[in-house]
Amino acid sequence: MLLPDISEELQKGQAKTVKELVQKALDEGFAPEAILNEGLLAGMDVVGEKFKNYEIFVPNVMVAARAMKEGLGVLKPHLAAAGSASIGKVCIGTVSGDLHDIGKNLVKIMMEGKGLEVVDLGTDVSAETFISTAVEQHCDIICCSALLTTTMCVMEDVVKLAEEKGIRDKVKIMIGGAPVSEEYCRSIGADAYTPDAATAAEKAAAFCRGE
Ligand code: B1M
């Protein structure tokens, strides 16, 4: 019952209870991945569905998102222990006009767990900022997240700007987020689309190994 309880409390936006239940689940020996998938993400799926159907509204989604963040905070050290030496450097952000950052934060956690150094640019990140950061901080990979159909087009700007600035052959560009697809990735000339945080981290590590 513990994992469904986490999902329920997340839907109600009970951040403190979610935090406590996640800790309890860890103490009782539940796998961190199960707590993430069957507790936190399951709850957020219901929230997304209800939001889509106008059963709940933005304030409800915001408190659920806060509860998700609190739960993730407890889970983070358990999801993946950070590697000791960096295998490569990544900059990550949610694209301009887009404030959704839960998925992006999850990708960051998983990448750090794979031993990648991650520069987190936050949300509402312009193509210019992605490119200037990649140049100044010598990043191997640029990671763009988008949750809105109206903002995913910024990913194409990132690819174009990388070409204009002459760094396209020096940096890989990875994209992800609910409205993005493999087909879209190909159409804009990005290097990889991955559907979830764990796959994104595996792909980034593979790129850094030259695969
Ligand atoms: Co918004 N929102 N939201 N929202 N929100 C969605 C995205 C929406 C699908 C809801 C719906 O209608 N069903 C819809 C978008 C519709 C569309 O574009 N087609 C929507 C909308 C419309 C909006 C507003 C416009 C609402 C309004 O104001 N009227 C507004 C926009 C604000 C803005 O950004 N400018 C808005 C606002 C918000 C909140 C602020 C209230 C809140 C965000 C809080 C936050 O992030 N700090 C919020 C939330 C929470 C959601 C839903 C419910 C959940 C998103 C989420 O965090 N999911 C969402 C509905 C849904 O997705 N079911 C919705 C959990 C998270 C772990 O999943 O981010 O998909 P996700 O990440 C996944 C993968 O996509 C992937 O890995 C993660 C899992 O492992 N991934 C990557 C993500 N990035 C990746 C990058 C990679 C690889 C994989 O490589 C680089």
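A full extension of the chain between VAL61 and GLN137 corresponds to an added length of 23.9 nm, given 0.36 nm per residue minus the alpha carbon distance. Around the Cα centre of the chain, unit charges on the Cβ atoms of Lys, Arg, Asp and Glu (plus for the first two, minus for the last two) sum to a dipole of about 260 debye. Taking a span of 27 Å or more along the helix axis (Cα atoms) and a mean Kyte-Doolittle hydropathy of at least 0.0 as the rule, the DSSP H helices of the chain that qualify are 58-79. Computed on the stretch 1-94, with alpha-carbon pairs under 8 angstrom and 6+ residues apart, the relative contact order is 38 percent. For the pair LYS52 and ASP196, a Förster radius of 22 Å applied to the C-beta separation gives a FRET efficiency near 0.65, rounded to the nearest 0.05. A Gaussian network model of the chain, with springs between Cα atoms under 10 Å, assigns the largest mean-square fluctuation among LYS89, LYS170, LYS52 to LYS52. From helices alone, the chain scores -16000 deg cm²/dmol at 222 nm; the rule is -39500 (n - 2.57) for each run of n ≥ 4 DSSP H residues, then divide by the residue total.
When a/c reaches 1.5 or more, the comparison of a/b and b/c decides; with that in mind, is the stretch 26-176 rounded, prolate or oblate per its Cα gyration tensor? Verdict is oblate for the stretch 26-176. Give the distance, in whole Å, between the Cα centre of the stretch 145-163 and the Cα centre of the stretch 173-199. Cα centroid of the stretch 145-163 versus Cα centroid of the stretch 173-199: 11 Å apart. Would you calculate the separation in nanometres between label points at ALA206 and ASN37, each defined as 7 Å from the Cα along the Cα-to-beta-carbon direction? Reported label-point gap for ALA206 and ASN37 is 1.9 nm.
Kirkwood radius and radius of gyration were both taken over the C-alpha atoms of the stretch 1-88, and their ratio Rg/Rh is 1.05.
FYI, it's all coordinate maths here, none of it is from the lab. All of these numbers come straight from a predicted model, not from anything done at the bench. Neighbour counts are summed over all protein chains in view; Cβ atoms, including those assigned to glycine, are modelled from backbone coordinates with ideal geometry.
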